[in-house]
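Following: one structure in structure tokens, then a few remarks.
The values are calculated or read from the model by the stated rules, or taken from the named source; none is laboratory data. A quick note: this is a predicted structure, and the numbers were derived from the prediction, not measured. Positions of Cβ are backbone-derived with ideal geometry, glycine not excepted, and every protein chain shown enters the neighbour counts. These area figures cover heavy atoms from the full protein model, side chains too; ligands, DNA and RNA do not enter into them. Shrake-Rupley method; radii C 1.70, N 1.55, O 1.52, S 1.80 Å.
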Amino acid sequence: LTDLHYTLYDVGTEELEMKKSLTSYTDESVEAWSDNKLKHLGYIAKELDQKHQRVLVFCSSLRQCDRAVQLLRAMNIHAETLDGTTPKKQREDLIARFQSGALRWVINVGTMTTGFDCPPLDAIVMLRPTMSLPLYIQMAGRAVRIDPNNPNKQAHFYDFTGTVKKFGAAQGVRVVKE
């Protein structure tokens, strides 16, 4: 697997409220929190666009996805959204364009966390806070695939959510059966 390099942004997640189950944050607090965090993406988007081949952004809601795409397009960065409501044909087309490089930015909510393989993907932007270690590992894992066309690939994880601070770096994860 490719090493994953981390850039952590101190974004203040203390205003996020836990659900009574203590397994995740409330939708309302995440929505309010995410409204304030998109500006941080705007601060680094041009640099990421110049530095990376493929950028996958994890958002917490459809609204955040739409707002992220609007922000990027206003900066002349072509990005498209993918979510659970995207029709199958459109989803297949979008993924094919992303894998080929015709599309370099995908903004998604809840769809590309597992079962997605794109070896040229070299940047993850985390705008979706999570309390789930397995989900975090799955999201980070999207960027660590070895790219046979780029053996020197450097993958990056840009965390605006405090997830890496909470769980640590997702490196060298493997399951060993005893």
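Of all residue pairs spaced 6 or more apart or on separate chains, those with beta-carbon atoms under 8 Å, a first member in segment 28-43 that is under 15 Å from LEU62 (Cα atoms) and buried (at least 21 other Cβ atoms within 10 Å of the Cβ) and a second member that is modelled with pLDDT of 80 or more and of a type in the set (Gly, Ala, Ser) are VAL30/SER60; VAL30/SER61; SER34/SER60; SER34/SER61.
Pairs are defined by a Cβ separation below 7 Å, a sequence spacing of at least 6 or placement on different chains, a first member in segment 116-140 that is free of Cβ contacts under 8 Å to residues at least 24 places away in the same chain, and a second member that is open to solvent by 10 Å² or more (accessible area, probe 1.4 Å) and of a type in the set (Ser, Thr, Tyr); the pairs so defined are LEU135/THR113. Across segment 68-88, the number of residues qualifying as in a helix (DSSP H, G or I) and touching a Cys at 6+ places or on another chain (Cβ under 7 Å) comes to 1. Can you find a residue in segment 89-96 that is touching a Cys at 6+ places or on another chain (Cβ under 7 Å) and either surrounded by 13 or more Cβ atoms within 10 Å (Cβ to Cβ) or free of Cβ contacts under 8 Å to residues at least 24 places away in the same chain (or both)? So far as segment 89-96 goes, no, none of its residues is touching a Cys at 6+ places or on another chain (Cβ under 7 Å) and either surrounded by 13 or more Cβ atoms within 10 Å (Cβ to Cβ) or free of Cβ contacts under 8 Å to residues at least 24 places away in the same chain (or both). Testing PHE160 on (1) over 13 Å from the mean Cα position of the chain (by Cα); (2) within 23 Å of GLN50 (Cβ to Cβ), one condition comes back false. Which one is that? (1) is the only condition that PHE160 fails.
Selection of segment 119-140 for residues being open to solvent by less than 10 Å² (accessible area, probe 1.4 Å) and under 15 Å from LEU4 (Cα atoms) yields LEU121, ALA123, ILE124, VAL125, MET126, TYR136, MET139, ALA140. Residues of segment 1-31 that are in contact with a Ser or Thr (Cβ under 9 Å, 6 or more places away or on another chain) and aromatic (Phe, Trp, Tyr): TYR9, TYR25. Going by the conditions given, is MET18 open to solvent by 20 Å² or more (accessible area, probe 1.4 Å), more than 28 Å from SER100 (Cβ to Cβ) and of a type in the set (A, V, I, L, M, F, W, C)? For MET18, the condition - open to solvent by 20 Å² or more (accessible area, probe 1.4 Å), more than 28 Å from SER100 (Cβ to Cβ) and of a type in the set (A, V, I, L, M, F, W, C) - is met. Filtered by the rule that a residue be touching a strand residue (DSSP E or B) at 6+ places or on another chain (Cβ under 6 Å) and assigned to a loop (DSSP other than H, G, I, E, B), segment 40-60 gives HIS52, CYS59. Could you grab the pairs with beta carbons closer than 8 Å, sequence gap of 6+ or different chains, first residue in segment 154-167 and free of Cβ contacts under 8 Å to residues at least 60 places away in the same chain, second one among the aromatic types (Phe, Trp, Tyr) and not in a loop (DSSP other than H, G, I, E, B)? Matching pairs, first to second residue: THR163/TYR136; PHE167/TYR136.
Taken as a whole, the structure places ALA143 among residues that are modelled with pLDDT under 95, closer than 22 Å to ASP49 by Cα and surrounded by 12 or more Cβ atoms within 10 Å (Cβ to Cβ). Please work out if ASP10 is part of a helix (DSSP H, G or I), among the acidic types (Asp, Glu) and more than 16 Å from the chain's Cα centre (by Cα). Considered against the rule, which asks whether it is part of a helix (DSSP H, G or I), among the acidic types (Asp, Glu) and more than 16 Å from the chain's Cα centre (by Cα), ASP10 comes out as no.
On inspection, GLN64 does not qualify as part of a helix (DSSP H, G or I) and open to solvent by 10 Å² or more (accessible area, probe 1.4 Å).
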